[in-house]
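These notes are about the structure you will find just below.
Rule-based calculations on the coordinates, nothing more; no lab input. What you see is a predicted model; the values in this text were computed from it and never measured.
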């Protein structure tokens, strides 16, 4: 199995980092090929006479590693509920749940340990380090941060980051997302600070437990024919949503932590083979799910965790050339777009724990870590889950009828690759020419504003470029810009006064 160029670089960067510190965290977006990378490094370690463990939080992930190792002709054993350590193998795929019960039964300690989904089970990882202090440890994750704001650096001495998602899309490892999100009710009343919404007012608005738009209706409008993965708030809600899809003749089933492992595998395989139109899941498909044919992700479950949001969305991002997959659709019914921005934006991970949460933070209190799934869950969303002992009552989500609109990505132009910067500049030049030639018709002005934002240009830059008579204030253009951007009329009046005072 041959590594892609970015995987080769990540391999070299990881080896350089581990030469300086024995524990390294490696970040690569979902679908970027962490399994192949770790399996290749495993073969290299075995060639040097080392013993290797690949520790996984879930059986499905262990199966993915096993499949990849078999393709590489690398013999390996399993340590899990059905298997024990075998002296016949120098490589073992290890269940983290099983390991904590079998410390005293392990005969051969590992020299190198890979920990998949390294952002989960912090305390469990500390116990692994305690039992095997001399082992080198490589953590693998797409999202190197913890929800509680505490550092991963207390485990890993260095973070090695892979390429951004935009680069992986250009290299064919991922496909681009097409995002649909609602016009949030009440958004127009929120004050702006510059071009952004006032933070506190926006936070108060997002506090409402609302679902925007009917999930079945919007799926049939924007994504019918694509296999879909739906993220629901609770097991009960997942069942109701699946039934709504079935009521219109679509083949949707429910999957959760309560679903038996073999049944989960059957359902996921059916989805991959297009024998199902979709799966509605609760807290089970947020990591480790490998369905390259998946064409649509539907968000009905809000979160304040950037890591969880990333894990959910990019389940649909894996490339699949055999089926002709060119993109995937995100139907964001809970407006995570306003919380985290466009999925293509580069993330700045809280690896060092520099972003602290106050102990009294209401949002922090809404979440708890499930000891079985390793996911941060809202307490209300655990209703119906076999791991929830208190069985609190869940409030039904209010459904607000509205349309979902297509959201373009606002890329950080300074961090974009050179060829992408060229493409954006060409789009901007074309949009400005069209706006001028059309005598500032609404459509071309709107396209010019979109292109300028992609290029990192401020709103007033567009005004000055399009204003043909520099000696006069173009009030009509100011009002059209305000209308295109959803600003209140007072914005145009204020800008007009500013410009007149400069004359």
(request) Express in whole angstrom the spacing between the alpha-carbon centres of the range 84-160 and the range 447-479. (result) 54
(request) Can you tell me what the convex hull of the Cα atoms of the range 5-170 projects to on average, as an area in nm²? (result) 9.7
(message) Please report the spacing between the Cα centers of the range 269-319 and the range 19-38 in Å, no decimals.
(response) 22
(request) Taking every Cα atom in the range 10-78, find the radius of gyration and the maximum pairwise distance Dmax, and write them in Å. (result) 12.3, 33
(request) With a ≥ b ≥ c taken as the square roots of the eigenvalues of the C-alpha gyration tensor of the range 204-335, please select rounded if a/c is under 1.5 and otherwise prolate if a/b is larger than b/c or oblate if it is not? (result) rounded
(request) Kindly identify the range 459-503 as rounded, prolate or oblate by the Cα gyration tensor criterion: order the square roots of the eigenvalues as a ≥ b ≥ c, call it rounded if a/c is under 1.5, otherwise compare a/b with b/c, prolate if a/b is larger, else oblate. (result) oblate
